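Before any comments, here is the structure.
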């Protein structure tokens, strides 16, 4: 009887110890996180075949997306809980049979949950203008073979709806149920889609820039009503659709006579950014050189109000940058991707004040 | 006249035709029209993949050069973007073993310091292998955004190859930029 009681006490002690151990030590096998709903300062960085999802409000990583070797950009679709991208895949990684697909990533698990096969023509490198989410319904992927076209995928039915031939015109910048493209003759083209994702109309703007004298960057960012394009000499053009026409507003220059005399130039791969809620428009600037230096890293960040066309401030960058983006909320931060080390500076857009630096990441930056 | 001489004259004429045509197009045609014609020209290069290689061989015998072909400062690389093939088992004019040369390319106009003349340079990518990654070089003299592809180096130029996996880039002299008459 005494022995049995002793055994019970001993067993109890062992169980108690186990319970304590359970509290003190993790499981021998780790658990798997899921991502919370995206916040207003979430953004992505694509570098190589990894897409990082980060929160600029905390500097914390929320997870990564495994991309193909040919996936230049991502396209978040928060309402659907998805991030879209496209990629090219060879049966032997670098060679073999090629398959191109639009990939559907679930935002919570950061895992691919579906794909739609598209023609093996997608541009393998580039920036956010290579893929657009059109009217929350269609994905457009820019193709170059070097003939130019756009593949359309319906994200609701998850089907390929067709390829639209767009000779001489590049990029996909969505507007309404259609998209703008920049063309080699110095004009914009707008292609509209019907309910099925088939082309049902095409508009052409007046020629508003000279490819030879002062071409616009092939990069663009959206405004409240359309898109903004910037030339290598710093002229700003806003484009929108009005009464079935492409309207190009009168351009204005980000450079004063003094700026020009001092040799300041806009440059970078994502050299400007816009926040529609505040009207803040930012540019990456460097000093010296010619138009040929249009991909140079910027050494200063200039902040304008797009509505007043006036500059608010300029700030020197310790870490020169080719890539910037502004979050979409009414207290935006500007994300400045450094070129000299792999890091992103998060700055308050209204003041330019440095809030934090996120280390060991870089590449193409896109906001949610 | 030997067969080689005949071929030499034939391709010398093609070089001048290409250079003269480019300038004429640039002066007298709209950009959109130029694109279409440039596309047709590049498609033509795809149909005769040996043509640029042979023309390079012809040009190399007459172009007086100076500089290190494995350096980004080399005169031919004025609109170059990528890895220099000479650092990857090839040379400025030949792809490394096991890679495949793209049959279409972007074109730059570079100044040769050795003879003081401008030449048209074809930047053909070598493809089908993982990226070489050595001797990276990025210059953009006269380079244009992607909507003007014949002058754009931010396009994956592996067109015509079986795989568009980028390995490295060549710099082929395809003619003089200041030539205006057919030979």
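Bear in mind these aren't lab numbers, they're just calculated from the coordinates by the rules spelled out. No experiment lies behind these values; they were computed from the predicted model shown. Glycine gets a Cβ as well: all are built from the backbone with ideal geometry, and neighbour counts include every protein chain shown.
Numbers at a glance
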quantity	calculated
Shielding by partners, peptide B:154-164 (average Cβ within 10 angstrom, other chains)	6
Among A:204, A:158, A:307: highest mean-square fluctuation, GNM of chain A, C-alpha pairs under 10 Å	A:307
Likely footprinting exposure, A:111, B:140, fewest C-beta neighbours within 10 Å first	A:111, B:140
Residue B:62-residue A:28 FRET efficiency (beta carbon distance; Förster radius 56 Å; 0.05 resolution)	0.15
Highest-MSF residue in chain A out of A:29, A:269, A:260 [GNM, Cα springs under 10 Å]	A:29
Mean separation of Cα contacts under 8 Å (6+ apart) over length of chain A, as relative contact order %	11 percent
Residue A:207 paired with residue B:138, simple spin-label distance in nm, labels 7 Å along Cα-to-beta-carbon	3.1 nm
Length added when fully stretched, residue A:244-residue A:125, from 0.36 nm per residue minus Cα-Cα	39.6 nm
Modelled FRET efficiency - R0 60 Å, residue A:136 with residue B:130, Cβ distances, 0.05 increments	0.95
Extension gain (nm, one decimal) between residue A:350 and residue A:159, 0.36 nm per residue minus Cα-Cα	64.5 nm
Mean-position separation - Cα centroids, region A:123-194 and region A:254-329, in angstrom	27 Å
Theoretical FRET efficiency, 1/(1+(r/R0)^6), r = Cβ-Cβ of residue B:91 and residue A:117, R0 60 Å, to 0.05	0.95
Computed lengthening from residue A:309 to residue A:342, 0.36 nm per intervening residue step minus Cα-Cα distance	8.6 nm
Most fluctuating residue given options A:257, A:238, A:108, as computed from a GNM of chain A linking Cα atoms under 10 Å	A:257
Folded to 0 to 90 degrees: helix A:2-24 orientation relative to chain A principal axis, Cα	10 degrees
Rounded if a/c under 1.5, otherwise prolate or oblate - region A:261-368, Cα gyration tensor axes	oblate
Region A:230-302, Rg to Rh (Cα coordinates; Rh as Kirkwood inverse mean 1/r)	1.02
